[in-house]
Amino acid sequence: MRFAVQTMREFDTTLALARWAEGAGAAFLSVADHYVSGRDPSAPSLDQIVLLGGIARETSTLQLSTLVSPLTFRHPAVMWKSAVTLDEMSGGRFSLGVGTGWLESEHDIFGIDFPGTAERFERLEEVLRYLRAAMSEDAPGFEGRYYRLDAFVSNPRPANLRLVVGGTGRRKTPTLAGRYADEFNCFAGEGLVERISTAREEAAAAGRDPSSIVISTAFPDVVGRTQAEYEDVLARLASERNRSPEHVAARLDELGIPHGTPNRVQEGVARLAEAGVSVIHLQVSRQDLDQVKRSWEVFAG
């Protein structure tokens, strides 16, 4: 199992986290690509793709990714050019995560259209086909209902750009991940094994190597080196969500998310590994760096 950190913070805070993560041997630094925070729209928020450009130039080995960029406010041409730019700025260390978008409030605030679920999934498949066409050396172009791309060779060519598909869908998301993605960021909830199986079956049906698709997941960092430390972290998360600690803990159990003290966490990590997950992104947007370091001890040892 490899471990990563996911955040959505101001630049200096993210840079400090990235420098620490690189030294600690994290697999990735990923960012949640939103224009506002889902739980507190008044919290500071930046364009995370622009922010990653700065992080790319201040790090040298850390893999970088978006989990995930919504198609609702990033046209595939914008995604493509942003990804190629980050690929060059990072020396081939960027992975572009793509999703349908789900946070309706950020669309309402900024006046961005938010189509229904069926249309967003139709658009997602077109975006993925568009991006694969742009990545192809054969330059086949793409013509869809919502998007089109001329048959031309984009310059420069990315050195090592990877596509990630992420979302909570039980059928459509894993299907698209299997057909088009290099990594499937899979929701760690009920049906995890089935969603992974669907992705691998769809990859095989598309003539791809199912074993080549990296399976990752992301969830909140709710751990402690001691019971008291864990209870403190749990209480803070529960307060942010206006829930009782007992309710939050029960929900984490229901979703199969590792939480608690080291032995219990490692048991949960082992279950995820058995299901096929090989990368865990710890969501640390609200934690200070000291807490992230303590949690890293529990997860990564």
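The values are calculated or read from the model by the stated rules, or taken from the named source; none is laboratory data. Quick caveat, the model's predicted, so the values are computed rather than measured. In this analysis, Cβ positions are derived from the backbone assuming ideal geometry, glycine residues included, and neighbour counts consider all displayed protein chains. Ligands, DNA and RNA are excluded from the accessible area calculation, which covers all protein heavy atoms including side chains. Shrake-Rupley method; radii C 1.70, N 1.55, O 1.52, S 1.80 Å.
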Keeping to region 25-44, report how many residues are open to solvent by 40 Å² or more (accessible area, probe 1.4 Å), touching a residue at least 60 places away in the same chain (Cβ under 8 Å) and farther than 19 Å from residue 83 by Cβ. 4
Return the pair list, or none, for Cβ contacts closer than 9 Å from residues in region 201-225 that are closer than 16 Å to residue 183 by Cα and free of Cβ contacts under 8 Å to residues at least 40 places away in the same chain to residues that are open to solvent by 10 Å² or more (accessible area, probe 1.4 Å) and part of a loop (DSSP other than H, G, I, E, B), at least 6 apart or on different chains. 202/208; 203/209; 212/182; 213/182
If we scan region 98-118, do we find a residue that is touching a residue at least 40 places away in the same chain (Cβ under 8 Å), within 25 Å of residue 153 (Cα to Cα) and of a type in the set (A, V, I, L, M, F, W, C)? yes
Residue 50 fails exactly one of the following numbered conditions: (1) closer than 17 Å to residue 7 by Cα; (2) at pLDDT below 95. What is the number of that condition? (2)
Quick check on this structure: which one of 152, 121, 110 is over 16 Å from the mean Cα position of the chain (by Cα), open to solvent by 50 Å² or more (accessible area, probe 1.4 Å) and either among the acidic types (Asp, Glu) or more than 21 Å from residue 31 (Cβ to Cβ) (or both)? 152
Members of region 178-197 found to be closer than 23 Å to residue 126 by Cβ and open to solvent by 10 Å² or more (accessible area, probe 1.4 Å), listed by number: 179, 180, 182, 185, 187
Heads up, the helices (runs of 4 or more DSSP H) in region 195-278 (entirely inside) with at least 1 residues that are among the β-branched types (Val, Ile, Thr) and out of contact with any strand residue (DSSP E or B) (no Cβ under 8 Å at 6 or more places or on another chain) are 245-255
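Do you know which residues across region 118-146 are farther than 18 Å from residue 172 by Cβ and either aromatic (Phe, Trp, Tyr) or outside any helix (DSSP H, G or I) (or both)?
Quick first cut of region 118-146, residues farther than 18 Å from residue 172 by Cβ only: 133-143.
Within region 118-146, 136, 137, 138, 139, 140, 141, 142, 143 meet the criteria.
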Output yes when any residue across region 277-287 is without any contact (Cβ under 8 Å) to a residue 24 or more places away in the chain and open to solvent by 70 Å² or more (accessible area, probe 1.4 Å), and no when none is. no
Counting only helices (runs of 4 or more DSSP H) entirely within region 1-117, those with at least 2 residues that are in contact with a Leu (Cβ under 8 Å, 6 or more places away or on another chain) are 11-24, 48-58, 76-90
